[in-house]
Amino acid sequence: MTGTGALTVVIPTRDRPEWLSRCLAALAPQAASLGGVIVVDSASRSAEARQVAQVARAFGARYLREDVAGASRARNRGWREATTEYVVFLDDDLLVRQGWAQALAAAARDDVAFVTGRVALPEGASDPTGFALIDRGDARVLDGKTRGVMGGTANLLVAKQALASIGGFDERLGPGRWLSAGEDLDLLDRLVEAGRTGWYEPAAVVECEQWREGAARSKLAWAYGKGMGARFAAMARRSPRRALRRWNELLRLGGLATLLRRRETAPTPSSEPGGGWSEPILWRLGAIVGFVAALPLRRWTGPPE
């Protein structure tokens, strides 16, 4: 069992000091036992940057600044600055639950390169799209045979040595870039393709409040779709057979299954401006656009040039 002192938490943020403050406040009861907390400011505007720095330091976190936007770039800066054996990635709009760090640390064994945790809704909340939720049920091994989404940077522990071995995140993917998602799925793909094994730990829980509405939620669906398409383009270049075996994920994730779920939970979706059934449609269109745009790009197997 790994102690929580071997974990550094890296939180990228941009122009969201209020959300960062809530995130760090929820983390505070567990932060003292950690090996450190690093907040990486991803090119926040000047006024917000000052607030982000103040919030980070008020909670005892180390503050770093990146002048070029991009969550992947920020995360790469964070894990490279960490001095612990493991790095935990957490988003600034999430709240960790009690026992989160201990559950991740307990799952971080020598034979495990990464651990993903559960992303849940606050009690009583709902999210008919399901875009942001991760729940694989019982604890289980994650490897090259695992189908579906293994996890994401909303709640992810990775051994620093494993990150270094594959060059970290591809900085052409993720929030702040045109291919504005999929960076975490691409990272996990490359880890398992390199023979690394992971673990899903449902006891490590973070809460994701669905604060986007209307047009903002549709924009998120479009971004996630582009990211999934780019992820498959990258996989197709590295391992065409593996990409072909998993192609049905583009139909299942955010596609037909999501559309049917919305039909059950939202009988009058057309009354929602910018939302409703348009979200899975935007997701699938985004996946096509992301795949076509990303397929010609080179060097998906290592750090960006």
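The values are calculated or read from the model by the stated rules, or taken from the named source; none is laboratory data. A quick note: this is a predicted structure, and the numbers were derived from the prediction, not measured. Positions of Cβ are generated from backbone atoms using ideal geometry, with glycine treated the same way; all protein chains shown enter the neighbour counts. Note: areas computed on protein heavy atoms with side chains; ligands, DNA, RNA excluded. Shrake-Rupley method; radii C 1.70, N 1.55, O 1.52, S 1.80 Å.
Here are a few things to note about the model shown:
- Checked against (1) more than 23 Å from GLY198 (Cα to Cα); (2) charged (D, E, K, R); (3) over 18 Å from the mean Cα position of the chain (by Cα), ASP93 meets all criteria but (3).
- Residue in the stretch 162-172 that is under 17 Å from THR13 (Cα atoms), among the aromatic types (Phe, Trp, Tyr) and touching an Asp or Glu at 6+ places or on another chain (Cβ under 6 Å) present: yes
- Residue check, ALA162 in contact with a Phe, Trp or Tyr (Cβ under 9 Å, 6 or more places away or on another chain), touching a residue at least 12 places away in the same chain (Cβ under 8 Å) and closer than 19 Å to GLY229 by Cβ: no
- Counted as qualifying within the stretch 1-81 are the helices (runs of 4 or more DSSP H) with 2 or more residues that are free of Cβ contacts under 8 Å to residues at least 24 places away in the same chain and surrounded by fewer than 22 Cβ atoms within 10 Å (Cβ to Cβ), namely 46-58.
- Tally, over the stretch 139-176, of residues that are within 24 Å of ALA103 (Cα to Cα) and of a type in the set (Ser, Thr, Tyr): 2
- Qualifying position, being in contact (Cβ under 8 Å) with a residue 12 or more places away in the chain, open to solvent by 50 Å² or more (accessible area, probe 1.4 Å), of a type outside the set (Val, Ile, Thr) and more than 27 Å from TRP100 (Cα to Cα), among ARG231, ARG237: ARG237
- Qualifying residue in the stretch 94-102 (condition: open to solvent by 70 Å² or more (accessible area, probe 1.4 Å), part of a loop (DSSP other than H, G, I, E, B) and closer than 28 Å to SER44 by Cα): yes
- The single condition among (1) closer than 16 Å to ASP184 by Cβ; (2) acidic (Asp, Glu); (3) at pLDDT 95 or above that GLU81 does not meet is (1).
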